[in-house]
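The values are calculated or read from the model by the stated rules, or taken from the named source; none is laboratory data. Source: prediction; values computed, not measured. Ideal geometry is used to build each Cβ from the backbone, glycine not excepted, and the neighbour counts take in all protein chains shown. Heavy atoms of the whole protein, side chains included, go into the accessibility calculation; ligands, DNA and RNA do not. Shrake-Rupley method; radii C 1.70, N 1.55, O 1.52, S 1.80 Å.
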Amino acid sequence: MSTIQDLRDVLREHADSVSDDTLPSLADNARRQAVGIRRRRMAGAVAAAAAVTALAGLAILNVDSLDGSRGEVPPSGDKTVHVPVDESFAGRTLIDSRSTNGADELTLTLDTEVPTEWNVSCWGLGPGYTLHVEIDEGTFPGERPCRDERPADPEVTYQLDSRYPTGEHTIRAWITGGAMSVTDLESAVLVISVYELPDPVATVAGIDVFDEQFFFEKIYSLDKYDESNPGDRTLKSSYRQLTDESVAIQILATGSGDNPVKLYIDGLYQGELTIPDNYIWGTRTLGPHTVELRISGAVPADARLGVAWRPFTRKAP
């Protein structure tokens, strides 16, 4: 899985109160040791407003103390429906999708020979209901709220890039919370879509990086990146944004262990990441900007850090 990271968690919950300077950033869906894009809360000054998308080895987003068991809903026949999804976006091409209306669980299995991105969305329920996701029988579990309306971005994303084996994979999504009655579930929609990933344009800190990344209904294209040497404790990267359009910051970290990585943007502490990780950490506008990553504690000999800068390219179709 890959990280970019995936940038979309607490963001949605706090979007109305977050300024451009604190926008978080891949899903990830969510990929914290895991497989794709994950979002999770970060410690630090922007903990309440920061959202991250893990795209790279990821897991998905944070797992709370909610019960991950299925709701006790009596079976009521096939709930499969057709929900339109994008045929392509940001260089990705749709392979297959599956969706249900009125069911509390959805599973999709695919056997592919190419790197893939798996996206999961849930809506129609709102507060009190939680979407749970796992890939390949319990691997990289994650959870997100099930929205009342269809979200702009997938709730969870797994990126299985070139570091991960191709072949058969299965993703399972299910809903818990509320009374979980058949009546409650009548409006519930679950969607899983699988895309072929484009060829990477670079490998940064050992992670595939793609030309375009989708975030909050916008496309951000790779312009510059910096990476550390194996075993380096710190990495500094600077970028000058010459227009009023935003530039997204992708943070990458790989290596053995799970050491915390402190993140500073323009000299201000933002929070901690954990090796391995791949995130898109918010956006910045006009002016020079600097990112510093600093590994705490013992530094693994294979640890690598990376920063990729992605200026806004266009609105997503």
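Report, to the nearest whole %, how much of the accessible area of the stretch 97-190 belongs to carbon and sulfur atoms, 1.4 Å probe, protein only.
Numbers: 1660 of 3590 Å².
With neighbouring chains kept in place, the figure for the stretch 97-190 is 46 percent.
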Quiz prompt | Pair Leu242, Thr285: separation of 7 Å Cα→Cβ label points (nm) | solution = 1.9 nm
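Tell me, what is the FRET efficiency for Glu137 and Leu94 to the nearest 0.05, using R0 = 35 angstrom and their Cβ-Cβ distance as r?
Working: r = 25 Å, r/R0 = 0.71.
The value I calculate is 0.90.
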Exercise. Report ³J(HN,Hα) in whole Hz for each residue of the stretch 306-315, in order, from the Karplus equation J = 6.51 cos²θ - 1.76 cosθ + 1.60 where θ = phi - 60°; Gly and Pro get x.
Key: x, 9, 10, 9, 10, x, 4, 9, 6, 6
Quiz item: Setting aside same-chain residues fewer than 8 positions from Lys315, which lysines have a Cα under 24 Å from its Cα?
Solution: Lys218, Lys224
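Would you mind estimating how fast the stretch 108-245 diffuses translationally, via Stokes-Einstein at 25 °C and 0.890 mPa s with the Kirkwood radius over Cα pairs, in µm²/s?
On the way: Rh = 17.6 Å.
Once the numbers are plugged in, D ends up at 139 µm²/s.
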Quiz item: To the nearest 0.05, how large is the calculated FRET efficiency for Val81 and Thr112 if R₀ is 30 Å and r is the Cβ-Cβ distance?
Solution: 0.80
Practice problem: Summarise the accessible area of the stretch 278-317 (1.4 Å probe, protein heavy atoms) by the percent that is carbon and sulfur. | Solution: 60 percent
Quiz item: Stokes-Einstein at 4 °C, 1.567 mPa s, Kirkwood radius from Cα pairs: D for the stretch 220-317 in µm² s⁻¹?
Solution: 95 µm²/s
Quiz item: Label points 7 Å out from Cα along the Cβ direction at Thr170 and Thr203: separation in nm?
Solution: 3.2 nm
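Per residue, how much accessible area does the stretch 272-317 show when a 1.4 Å probe rolls over the protein heavy atoms, in square angstrom?
Values: 1580 Å² over 46 residues.
Accessible area per residue: 34 Å².
Can you work out D for the stretch 187-226 in µm² s⁻¹ from Stokes-Einstein, where Rh is the Kirkwood radius over C-alpha pairs, the temperature is 4 °C and the viscosity is 1.567 mPa s?
On the way: Rh = 12.5 Å.
Stokes-Einstein gives a translational diffusion coefficient of 103 µm²/s.
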